[in-house]
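For reference, the structure is listed below as C-alpha cells.
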Amino acid sequence: MKTIIISRLLYFCLAVLLVINIGCNEKDINGKWKGEMETPNGPFELTYDFLVTGDSLSGTASSPMGSLPISSGKSNGDSFSFDVDVNGMIINSQCTFMSDSILMKVEGIMQGPMEMVLKRVPEPTAEAK
C-alpha cells in the first residue's frame, strides 16, 4: 500500500515539474520591442508592440513619424512574420525570436532587404507609474 502511495506521489510530482518546465520554455514575444535600422540617412528607431493569439500576430509598428497597424501576422514557435502598409508600400518582416532579442529581416523597402535586432522594452515598475 505504501509503495502505491509513494509511486503515485512521485508521478504527481513529475507531472507538476513537467508542466512548470513547459511554461518556462514558452516563447513570449508579447509586448514592446525596440530597434534601430541603419539607413543612408543614419539610424532610424522603430518600436513594435506585438500581441500573439494562437498562431495569429497583431499589433503596431511605431517610428518618430507615427504608428501603423501590423497586418497578415503569423506566429509559429520561434519564428513569426507580418506586414506593415506604409502609404501603399507593403513592408514584410520575417522574424526569429531568440530569448532576449528578435532578429528581423525586412523586405519591401527602397534600400533592399535589411536586418535589425529588436530588444524588449522593459515594463515600467510600480514606482515609475
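The values are calculated or read from the model by the stated rules, or taken from the named source; none is laboratory data. Quick caveat, the model's predicted, so the values are computed rather than measured. For neighbour counting, all protein chains shown are included, and Cβ atoms are generated from backbone atoms with ideal geometry for every residue, glycine included. To get the accessible areas, we keep the full protein, side chains included, count just its heavy atoms, and leave off ligands, DNA and RNA. Shrake-Rupley method; radii C 1.70, N 1.55, O 1.52, S 1.80 Å.
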Handout entry: Within the stretch 1-27, considering residues that are exposed (fewer than 10 other Cβ atoms within 10 Å of the Cβ) and modelled with pLDDT of 55 or more, the one farthest from the chain's Cα centre (by Cα)
Key = Met1
Fill in the blank from the handout: Within the stretch 37-61, the residues that are more than 15 Å from the chain's Cα centre (by Cα) and either open to solvent by less than 70 Å² (accessible area, probe 1.4 Å) or among the charged types (D, E, K, R) (or both) are Met37, Glu38, Thr39, Gly42, Phe44, Glu45
Exercise for the section: Might you let me know whether the stretch 97-118 holds any residue that is assigned to a strand (DSSP E or B), closer than 13 Å to Asp28 by Cα, open to solvent by 50 Å² or more (accessible area, probe 1.4 Å) and at pLDDT 95 or above? Expected result: no
Problem - Test: residue in the stretch 66-84 that is assigned to a loop (DSSP other than H, G, I, E, B) and within 12 Å of the chain's Cα centre (by Cα) - result: yes
Problem - Complete set of residues in the stretch 68-96 that are without any contact (Cβ under 8 Å) to a residue 12 or more places away in the chain and surrounded by 13 or more Cβ atoms within 10 Å (Cβ to Cβ) - result: Ser72
